[in-house]
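Step one of this worksheet: look at the structure below.
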């Protein structure tokens with residue numbers, strides 16, 4: 001989780017919450033760990049973010065491939 005290395009660049013870590021100060025602290029830690037932080041808004045957004053963990057786990061469980069991450073592409 002620290003200093004992930006992908007040829008496509010820094011992976012995205014999606015965060016959400018109702019406390020802006022807490023999100024700022026988390027974003028600071030994520031940046032220090034080498035991640036791009038994407039703020040998805042208030043805590044209700046967790047409902048959309050949490051299933052990404054299941055999607056992330058599928059290649060691991062099927063093929064024991066764990067070196068992958070999500071990236072939010074912006075135009």
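The values are calculated or read from the model by the stated rules, or taken from the named source; none is laboratory data. Nothing here was measured: the structure is a model prediction, and the numbers come from that model. Virtual Cβ from ideal backbone geometry, glycine too; neighbours counted across all protein chains shown.
Summary table
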{"quantity": "Those residues of segment 54-75 which are surrounded by 10 or more Cβ atoms within 10 Å (Cβ to Cβ), within 19 Å of residue 10 (Cα to Cα) and over 14 Å from the mean Cα position of the chain (by Cα), in sequence order", "calculated": "65, 66"}
{"quantity": "Residue in segment 38-53 that is assigned to a loop (DSSP other than H, G, I, E, B), surrounded by 14 or more Cβ atoms within 10 Å (Cβ to Cβ), at pLDDT 95 or above and in contact with a helix residue (DSSP H, G or I) (Cβ under 9 Å, 6 or more places away or on another chain) present", "calculated": "yes"}
{"quantity": "All positions within segment 7-37 that are surrounded by 12 or more Cβ atoms within 10 Å (Cβ to Cβ), out of contact with any strand residue (DSSP E or B) (no Cβ under 6 Å at 6 or more places or on another chain) and part of a loop (DSSP other than H, G, I, E, B)", "calculated": "11, 16, 17, 33, 34"}
